[in-house]
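K.L.:
After the structure tokens below, expect a handful of questions from me.
Since every read-out is calculated from the coordinates, none of them should be taken as a lab result. What you are looking at is a predicted structure, and each value in this text was computed from that prediction instead of being measured. FYI the Cβ positions are ideal-geometry reconstructions off the backbone, even for glycines, and counts take in every protein chain you see.
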Amino acid sequence: MIKMAKNYYEILGVQKAASDEELKSAYRKLAKQYHPDINKAPEAASKFKEINEAYEVLGDKTKRQNYDRFGTAEPGGFSGFGGGGGGGSSIFEDLFSGGTDFFNIFTGGGQQRRGPGKGEDIYKNITLTFEEAAFGTTKELKFDRSESCNSCRGTGAKGGTAYTQCAQCNGTGAVRVTRETPLGRMVSTGACRACGGKGRIVKQTCPDCNGAGYIRRSVVKKIDIPEGIGNGQVMTIMREGERDPEGGENGNLVLAIKVMPHRFFERDGSDLFITVPITFSQAALGATVRVPVLKKDQAFIELRIEPGTQSHTLITREREGLKILKSERTGLFNRKDRGDLNINIVVETPRNLTPQQKELVKEFANSCNDLQYPKIRDYQNKTNL
Ligand SMILES: [Zn+2]
Ligand SMILES: [Zn+2]
């Protein structure tokens, strides 16, 4: 399994001798430029992932050393990868300054490209009620995942000690192969055959995992769903996916969010929409009506209906909508923390009038003059009817 490694320096547009500071600033600049919430170009999402992949390697001292040693232009088996690290949970925290979120949210997205020495991603769906998405919630998610065997500490050898280091590769699991070709000498790195790339020869197999070094387990994870998440969004929880058989870091847990419809609210991003019916007399005289909101500390707002309000009047109440996710607030233009509430006012005409009511309405109608009905007057003038 030889794969062509990408040139991570080229991706970040820095020299091979770049300092940590230079790397970091190049990464921040590119990540902001290609963040899928900001950059809507079709290739932005894959470019964004590529940038993150590059920085995940070059931003880590141990990984960068490994990467430099194995070279970039040559095909390389990255079996010696990972190990060390284990530090900071997310590079995104850095980007979205001040964030406590340990995950990152993409809109749409999908193709998660694997970096070298990384376990498989696990994909799961989470279905939320409209309110759960609006207020945020905690969900317990049960799924199967391979985890390192405790009794042998992932070595596959009994007690974690019943093995010797492979003499062929000195325990690295990788060997350099030099070939003479018509184009000259080619040097490549491949998995060591003597130990199958594991770097060790097992003397006695671990009875708990039958030498595999891992056990398939059912795990339950508490997932914190942030306030304001939307249908179709994807939450990536770093390093909660499958283990990497070659000792690299875990893959990610990727959650596709589905939000169920509401009884009377509709939603477009963080904006809420609701239709509020009022009576004919409320529309004519003016009134105050209660309109529900989806807020933690508030159940409704008092909405003033002006006298003479027409049916299908749209009233927008700013910042009475849903919370806007932090990851979507980093854009240069969108600094709002909440969406709007859009209220569609509909006048309901009364039905089944009693004879007495009919008389009252007739009396009222006769008292009106055409200045009170400018639309009707305009219609009559235009159509001559
Ligand atoms: Zn074991
Ligand atoms: Zn070996």
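K.L.:
Want the number for THR354 to ALA299: 0.36 nm per residue separation, take away the alpha-carbon distance, what's left?
P.N.:
16.2 nm
K.L.:
Still on this structure, please answer the following. Taking H placed 1.01 Å from N in the peptide plane, check which residues at least 5 places from ARG338 or on another chain put their amide H under 5 Å from its amide H.
P.N.:
ILE324
K.L.:
Under 11 Å from a point 7 Å along the Cα-to-Cβ line of LYS203: which residues of segment 158-190 have their amide N that close?
P.N.:
Counting only backbone N, you get 158, 161-165.
K.L.:
Only counting other Cβ atoms within 10 Å, I'd like ASP144, ASP60 sorted with the fewest neighbours first.
P.N.:
ASP144, ASP60
K.L.:
For LYS118, which lysines qualify as cross-link partners when the Cα separation must be under 19 Å and same-chain residues fewer than eight apart are set aside?
P.N.:
Output for LYS118: LYS3, LYS6, LYS47, LYS49, LYS61, LYS63, LYS198.
K.L.:
Using the Karplus curve 6.51 cos²θ - 1.76 cosθ + 1.60 with θ = phi - 60°, work out ³J(HN,Hα) for each residue of segment 124-132 in order, rounded to whole Hz, and write x for Gly and Pro.
P.N.:
Once θ is set to phi - 60°, the couplings for segment 124-132 become 9, 9, 10, 9, 10, 6, 4, 5, 4 Hz.
K.L.:
Take VAL289, VAL346 and order them by how many other Cβ atoms sit within 10 Å, fewest up front.
P.N.:
VAL346, VAL289
K.L.:
Cut-off under 23 Å on the C-alpha distance; same-chain residues fewer than 8 positions from LYS323 excluded. Which lysines are left, in chain and number order?
P.N.:
The qualifying lysines are LYS32, LYS40, LYS139, LYS222, LYS258, LYS295, LYS296, LYS336.
K.L.:
Still on this structure: Let's test the formula: R0 of 56 Å, r as the Cβ-Cβ distance of ASP224 and LYS382. What FRET efficiency results, to the nearest 0.05?
P.N.:
For R0 = 56 Å, the calculated efficiency reads 0.40.
K.L.:
Now, a different point. What are the chymotrypsin sites (Phe, Trp or Tyr not before Pro) within segment 281-385 that DSSP puts in a loop, where the Cβ has at most 14 other Cβ atoms within 10 Å?
P.N.:
Answer in residue order: PHE333.
K.L.:
Sequence-distant or interchain residues sharing an amide H contact under 5 Å with ILE301, placed H: which?
P.N.:
Amide H neighbours of ILE301: VAL291, VAL293.
K.L.:
In whole Hz, with x marking every Gly and Pro, tabulate ³J(HN,Hα) for segment 53-66 from phi via Karplus 6.51 cos²θ - 1.76 cosθ + 1.60, θ = phi - 60°.
P.N.:
Along segment 53-66, the couplings run 4, 5, 6, 4, 7, 6, x, 10, 3, 4, 5, 5, 4, 4 Hz.
K.L.:
For a Förster distance of 45 Å, can you work out the FRET efficiency between the beta-carbons of VAL361 and THR138, rounded to the nearest 0.05?
P.N.:
After rounding to 0.05, the efficiency reads 0.25.
K.L.:
For LYS29 and HIS262 in one chain, what is 0.36 nm times their gap in residues minus the Cα-Cα distance, to one decimal in nm?
P.N.:
Here the segment from LYS29 to HIS262 would lengthen by 79.9 nm.
K.L.:
Additional query: Please sort by residue number the chymotrypsin sites (Phe, Trp or Tyr not before Pro) in segment 235-278 whose DSSP state is loop and whose Cβ has at most 16 other Cβ atoms within 10 Å.
P.N.:
PHE264
K.L.:
Another one. Neighbouring Cβ atoms within 10 Å as the yardstick, rank HIS262, HIS35, HIS312 fewest first.
P.N.:
Fewest-to-most ranking of HIS262, HIS35, HIS312: HIS312, HIS262, HIS35.
K.L.:
For segment 18-24, just list the computed ³J(HN,Hα) in residue order, Karplus coefficients 6.51, -1.76 and 1.60, θ = phi - 60°, integers in Hz, with x standing in for Gly and Pro.
P.N.:
Values, residue by residue: 4, 6, 4, 5, 4, 4, 4 Hz.
K.L.:
Give the long-range amide H neighbours of ILE225: residues separated by 5 or more places, or on another chain, with amide H under 5 Å away, using H modelled in the peptide plane at 1.01 Å from N.
P.N.:
Here THR137, THR138, LYS139 satisfy the definition.
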